[in-house]
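K.L.:
Here's a structure for you.
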Amino acid sequence: MTATIELPTPAEADGLICRLQDTSPSFKVLMGRYGTAAPALRHFGLVEWQDQHLDDAIEAFRAALLLAPDDPNLWRDLAGAFEASLDAVRADRCIRQAIRLDPAAARSWLLLANLCSQRGEHAEAETAFGRAIAQDPALADAHFGLGLVQFAQRRLDEAKLSLRSAIRHGYANALGFTGLAHVLYLAGDYAECAAAFERALAFGPLEAGAHRKYLRARMFGKMIDRRVDEAIADYGTLAQPGSESLDDILRSGFAVLCAFGHRDAAIALGRKRLELDPDDPSQRYLLEAVSGEALSRAPNDYLESHFDAFADEFDRQLVDVLRYDAPEAMAALVARHRTRFSRGLDLGCGTGLAAEPLARFGGALTGVDLAGRMLEKAAERGLYADLVKAEAVAFLDACAAPFDLVFAADLLVYIGDLEPIFAGLARSMATGGILALSIETTAEHDYALLSSGRFAHDPCYVRRLAAEAFDDLEEVPAVIRLEANRPVEGMFFVLERRDGPSTAAAT
């Protein structure tokens, strides 16, 4: 922070006081009330700030500080005026000076916390909110701000406590209840979420996004109680023009129930969805998964149907919502072992999230996926030499020339029995070629089908299969993504083909 806080010279301050006495009847009254210039200037500055005359307010506060430089309230006033005028750097300098002069002022810590929060400095903001609350436990703004910081970091249990404290101490208004409802929604507390939105509705209509969550929360809460028919009827009554379709709500509801572990409710809803659409391959497979069927891989019709429908929202959902960053992390691991490749394969490429991270290695990159709509999205990136619509093992079995890089990010989660794909990888990779892959991990034997329809694997199982043709260069435990706002534990592997086809890999 380089901005300085320049105070006027004595002559400039005297000139301002004289000018205000000549031109402002209200300032003349204030001088008569206080008898001295500093408090009169402060009062005048507060009035100007309230009237949105920020430059005049700042000028008055600076002149007052020349006369009373050790007044922490004046420094806080000037900080607030700078913040209101969007000069965050000077606001920060002023509020820190106020705190140096009076570290027991809760409002000063609150303003510093808000400034830090606006900059995304969560740790310092949380400390400052905590100091404000320590000085004034009933300071509702500090509890609310702390809850928002915790919410931004997905510390949902703590955020719930802070926002409830804010409501208890004075935020029993639309803002307080809506903020709490958003946290409860992400935490999966749907009945409480709907109740919080209803408290907010007492103050006026919800904005569109909040109303959408309110309807979802009502439905999901009833679904958890296995009142599916009641939830459907309820939605028909409350839905507004522009609301989500019932099919979208039911599909999302099934995913939510699975993610938060409401197995029986998910099965009941899955059966209802199949009753409404018996030919839906996605719901049929997912119902089998949550019901505990012994399956060795996700069927092709599910993968194609699911990801074709998901293509338009795929990048936003994975990256922004689920915080998926495996392609970047895996490419960085590969780069520690090799920096150039001649022929790369992005197996299960999806929309091409890995294309840019892999571009650093040069060479021709082929993308393979079962879902045609995903391949259309991948093509828009313009980074693939070829895109092929195919199932992974079938493609590997049919390919002629070997690859010296194979990248499989988030592919093996749709395959339980990995023997066929490891055999295909061994056949299709050049000696010395690099294989990078990700898995979700489980301690169960070999692999487990999760209620999400994804497979988790025991790392020992992967090592055992890989050892037949690959050397293990590196393994890194990783958080693969979020599921129900909780981290999904996984692992990245970087392997090297030991005895492949004769084509030499690029170095």
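The values are calculated or read from the model by the stated rules, or taken from the named source; none is laboratory data. What you see is a predicted model; the values in this text were computed from it and never measured. Cβ atoms come from the backbone with ideal geometry, glycine included; neighbour counts cover every protein chain shown. Note: areas computed on protein heavy atoms with side chains; ligands, DNA, RNA excluded. Shrake-Rupley method; radii C 1.70, N 1.55, O 1.52, S 1.80 Å.
K.L.:
Grab the strands (runs of 3 or more DSSP E) fully contained in region 393-507, keeping just those with 1 or more residues being under 23 Å from ARG343 (Cβ atoms) and touching a residue at least 12 places away in the same chain (Cβ under 8 Å).
P.N.:
On the way: elements: 403-408, 429-441, 447-449, 455-457, 470-483, 486-497.
The qualifying strands (runs of 3 or more DSSP E) are 403-408, 429-441, 470-483, 486-497.
K.L.:
Which one of these is farther than 28 Å from LEU473 by Cβ and open to solvent by 60 Å² or more (accessible area, probe 1.4 Å): ARG263, ARG273, ARG336, ARG297? Can you show your working first?
P.N.:
Working: ARG273 fails: open to solvent by 60 Å² or more (accessible area, probe 1.4 Å); ARG336 fails: farther than 28 Å from LEU473 by Cβ; ARG297 fails: farther than 28 Å from LEU473 by Cβ.
So the residue among ARG263, ARG273, ARG336, ARG297 that is farther than 28 Å from LEU473 by Cβ and open to solvent by 60 Å² or more (accessible area, probe 1.4 Å) is ARG263.
K.L.:
Does at least one position in region 170-193 carry a residue that is under 20 Å from GLU244 (Cα atoms), part of a helix (DSSP H, G or I), free of Cβ contacts under 8 Å to residues at least 40 places away in the same chain and open to solvent by 60 Å² or more (accessible area, probe 1.4 Å)?
P.N.:
The answer is yes; a qualifying residue exists.
K.L.:
Restricting attention to region 400-414, and to residues there that are open to solvent by 10 Å² or more (accessible area, probe 1.4 Å) and either farther than 30 Å from LEU286 by Cβ or not aliphatic (A, V, I, L, M) (or both), which single residue is modelled with the lowest pLDDT?
P.N.:
Only one residue fits best here, namely ALA400.
K.L.:
Looking only at residues in region 237-251 that are in contact with a Lys or Arg (Cβ under 7 Å, 6 or more places away or on another chain) and under 19 Å from SER282 (Cα atoms), which one is surrounded by the most Cβ atoms within 10 Å (Cβ to Cβ)?
P.N.:
Only one residue fits best here, namely LEU250.
K.L.:
Can you name the residue in region 216-258 that is of a type in the set (Val, Ile, Thr) and out of contact with any Leu (no Cβ under 8 Å at 6 or more places or on another chain) and is also nearest to PHE197 (Cα to Cα) among such residues?
P.N.:
From region 216-258, those of a type in the set (Val, Ile, Thr) are 224, 228, 232, 237, 249, 256; that's our starting set.
So of that shortlist, the ones also out of contact with any Leu (no Cβ under 8 Å at 6 or more places or on another chain) come out as 237, 256.
Details: THR237: 17, VAL256: 19 Å.
Across region 216-258, the extreme among qualifying residues is THR237.
K.L.:
Only one of these conditions is not met by LEU287: (1) closer than 25 Å to ILE439 by Cα; (2) out of contact with any strand residue (DSSP E or B) (no Cβ under 9 Å at 6 or more places or on another chain); (3) open to solvent by 80 Å² or more (accessible area, probe 1.4 Å). Which number is it?
P.N.:
Looking at each condition in turn, LEU287 falls short on (3).
K.L.:
Quick one: how many residues across region 371-390 are under 31 Å from the mean Cα position of the chain (by Cα) and part of a loop (DSSP other than H, G, I, E, B)?
P.N.:
6
K.L.:
Do you know which residues across region 85-97 are small (Gly, Ala, Ser), closer than 16 Å to TRP49 by Cβ and part of a helix (DSSP H, G or I)?
P.N.:
ALA91
K.L.:
Here is a follow-up. Please state which of the following conditions GLU356 fails to meet, knowing it meets all the rest: (1) in a helix (DSSP H, G or I); (2) more than 22 Å from PHE422 (Cβ to Cβ); (3) open to solvent by less than 20 Å² (accessible area, probe 1.4 Å).
P.N.:
Condition (3) is where GLU356 drops out.
K.L.:
Considering ASP397, ASP417, ASP458, which residue is surrounded by fewer than 18 Cβ atoms within 10 Å (Cβ to Cβ) and at pLDDT below 95?
P.N.:
Numbers: ASP417 fails: at pLDDT below 95; ASP458 fails: at pLDDT below 95.
ASP397 is the lone residue from the list that is surrounded by fewer than 18 Cβ atoms within 10 Å (Cβ to Cβ) and at pLDDT below 95.
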